[in-house]
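Some notes on the structure that comes next.
The values are calculated or read from the model by the stated rules, or taken from the named source; none is laboratory data. The structure presented is a predicted model; accordingly, all values stated were derived computationally and were not measured. Quick reminder, even Gly has a Cβ in these numbers, built from the backbone with ideal geometry, and neighbours come from all protein chains shown.
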Amino acid sequence: MSDYVLVINAGSSSLKYSLVDGVSGEAVASGLVERIGESQGHQVHRGPDGESNGELSIAMHEDALRAAIDAFGTYGPSLDDVDIAAVGHRVVHGGSRFAAPVLVDDALVAEVTDLVPLAPLHNPANLEGIEVARRLFPDLPHVAVFDTAFHQTLPPHAYTYAVPSEWLEEYGIRRYGFHGTSHAFVSGQAARLLGHDPADVNLIVLHLGNGCSATAVRGGESVDTSMGLTPLEGLVMGTRSGDLDPAIQTHLVRELGWSVDKIDHALNHDSGLKGLTGDNDFRELSRRQAAGDERAQLAFEVYCYRIKKYVGAYYAVLGRVDAIVFTAGVGEHSAEVRAASLQGLDRLGIQVDPDRNTAPSSTARSVSTDDSSVAVLVIPTNEEWQIARETLAVIRP
Ligand code: AMP
């Protein structure tokens, strides 16, 4: 049997997929079907025999997966030839129940359904992806890989909010953390780059993409993370506010009569870089900043200052830090963010080397000076490979 895993990430109106060799990490094909349920959908597929990029009408997730299977037939590789070992599904919220990936069966589907109140936007879409894929690939094992699982090692003092204790006991209100697949992947890669066993390495991992999160990793395990009950808390993100005084929400209700949905939408979709500048794409922000745009400059400073505060906090949490790791779209590509968020931390043993930091590269590398006692690393994340690896580990224990 091959090591190929079909990795599926189903969103509310999209379905992303990748056919990955779970051992080597090679992605032999990948694709995306977007705007499911809208009058005009969009499909992209990249395979060994070519690339498709077109508009089509996709009513439901099942149609999206069928369109993907058709694209495999046209642009390769043929799914009859590759002998897929399993399907790996990204599931956003595993609550306190799942600290590891799990083989999908009806009981698992019921348990993930029970967690919907904790992730009302994400888990229903993930479940839809699982149901559809089980129907279309009934003979393959399916594995659920949870975004929260890596953070299940958080100690109670890190995951407990200082609120009435029945909120946790009865309603499950606590810090769960997200981006766990990415934090797990880059933590492993960082240990390898440093030439140590993961169990010997302490890291601060900064996943800076559209969503952003920081994690304190001690000996390969997450001991604190910036996202909380939901992926809203913590760093400034593309469209999410990150940390804010919770009383702002009650203020908006009392003084302005805002509804819960309006506040929820504003904080998740109209805040962060978008709220401050109108743009959530970091490349556009950088372009405006370079052109002297004051809003863009302020947003950049707010963004980097928040990162610096978390670096300081997690340094204190860990006591000894071997490396600070930047990953995801902004973390991997913006030398300015890396420099600004670590600027002035020489006394903590953190020194970014300007030449190494700005040298173009797309591979895992160190950008700190030789004298820096804390390494500063840039490591491209690869969530698909991590999901494929974890999926293989479940079906071949
Ligand atoms: P991700 O969620 O990891 O795909 O990251 C998306 C974010 O990375 C967006 O804000 C992009 O603007 C940003 N990004 C991607 N490429 C670059 C780049 N070359 N320089 C700065 N930001 C980038």
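The rows are residues; the columns are (1) touching a Ser or Thr at 6+ places or on another chain (Cβ under 9 Å); (2) assigned to a loop (DSSP other than H, G, I, E, B); (3) on the phi > 0 side of the Ramachandran plot.
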site: S2; (1), (2), (3): no, yes, no
site: S13; (1), (2), (3): no, yes, no
site: R46; (1), (2), (3): yes, no, no
site: A59; (1), (2), (3): no, yes, no
site: E62; (1), (2), (3): no, no, no
site: L65; (1), (2), (3): no, no, no
site: A71; (1), (2), (3): yes, no, no
site: T74; (1), (2), (3): yes, no, no
site: P77; (1), (2), (3): no, yes, no
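Going by the structure shown, is I350 within 23 Å of A27 (Cα to Cα) and either crowded, with 22+ Cβ neighbours inside 10 Å or β-branched (V, I, T) (or both)?
It is false that I350 is within 23 Å of A27 (Cα to Cα) and either crowded, with 22+ Cβ neighbours inside 10 Å or β-branched (V, I, T) (or both).
Go through the stretch 219-237 residue by residue and tally those that are small (G, A, S) and more than 15 Å from A149 (Cβ to Cβ).
Residues that pass the stated criteria total 4.
For residues that are crowded, with 24+ Cβ neighbours inside 10 Å and either within 16 Å of the ligand (Cβ to nearest atom) or at pLDDT below 95 (or both), tally how many sit in the stretch 188-206.
Qualifying residue count for the region: 2.
Across the stretch 332-374, which residue is nearest to the ligand (Cβ to nearest atom) among those that are within 24 Å of A199 (Cβ to Cβ) and not aliphatic (A, V, I, L, M)?
Going through the qualifying residues, I end up with R365.
Would you pick out the residues in the stretch 283-298 that are within 15 Å of the ligand (Cβ to nearest atom), of a type in the set (D, E, K, R) and surrounded by fewer than 16 Cβ atoms within 10 Å (Cβ to Cβ)?
R283, E284, R287
Select the helices (runs of 4 or more DSSP H) contained entirely in the stretch 81-173, then report the ones holding at least 3 residues which are under 23 Å from the mean Cα position of the chain (by Cα) and surrounded by 18 or more Cβ atoms within 10 Å (Cβ to Cβ).
Hits in the stretch 81-173: 123-136.
Restricting to the stretch 287-333, name every residue that is under 30 Å from G219 (Cα atoms) and of a type in the set (D, E).
D322, E332
Is there a residue being among the hydroxyl-bearing types (S, T, Y), in contact with an Asp or Glu (Cβ under 8 Å, 6 or more places away or on another chain), away from the ligand (no atom under 16 Å from the Cβ) and not in a loop (DSSP other than H, G, I, E, B) anywhere in the stretch 223-236?
Checking the stretch 223-236: not a single residue is among the hydroxyl-bearing types (S, T, Y), in contact with an Asp or Glu (Cβ under 8 Å, 6 or more places away or on another chain), away from the ligand (no atom under 16 Å from the Cβ) and not in a loop (DSSP other than H, G, I, E, B).
Is it the case that the stretch 375-385 has a residue that's among the small types (G, A, S) and in a loop (DSSP other than H, G, I, E, B)?
For the stretch 375-385, residues among the small types (G, A, S) and in a loop (DSSP other than H, G, I, E, B): absent.
Please tell me if D224 is more than 15 Å from the chain's Cα centre (by Cα) and surrounded by fewer than 19 Cβ atoms within 10 Å (Cβ to Cβ).
Against the criterion (more than 15 Å from the chain's Cα centre (by Cα) and surrounded by fewer than 19 Cβ atoms within 10 Å (Cβ to Cβ)), D224 does not qualify.
Just wondering, is there one or more residues in the stretch 255-278 that are among the β-branched types (V, I, T) and under 18 Å from the mean Cα position of the chain (by Cα)?
no
Name the residue that is surrounded by the fewest Cβ atoms within 10 Å (Cβ to Cβ), counting only residues in the stretch 207-221 that are more than 16 Å from the ligand (Cβ to nearest atom) and under 15 Å from I324 (Cβ atoms).
R218
For the stretch 193-212, which positions are of a type outside the set (G, A, S) and either more than 18 Å from V374 (Cβ to Cβ) or within 21 Å of the chain's Cα centre (by Cα) (or both)?
D197, P198, N202, L203, I204, V205, L206, H207, L208, N210, C212
Select from the stretch 299-319 the residues that are more than 19 Å from G209 (Cα to Cα) and either in a helix (DSSP H, G or I) or within 14 Å of the ligand (Cβ to nearest atom) (or both) and list them in ascending order.
Passing the criteria: G312, A313, Y314, Y315, A316, V317, L318.
Only one of N268, N280 is of a type outside the set (D, E, K, R), surrounded by 14 or more Cβ atoms within 10 Å (Cβ to Cβ), within 16 Å of the ligand (Cβ to nearest atom) and outside any helix (DSSP H, G or I); which?
N280
Looking at the stretch 240-265 only, could you name the residues that are assigned to a helix (DSSP H, G or I) and either within 16 Å of the ligand (Cβ to nearest atom) or under 15 Å from E301 (Cα atoms) (or both)?
If the condition is that a residue be assigned to a helix (DSSP H, G or I) and either within 16 Å of the ligand (Cβ to nearest atom) or under 15 Å from E301 (Cα atoms) (or both), then no residue fits.
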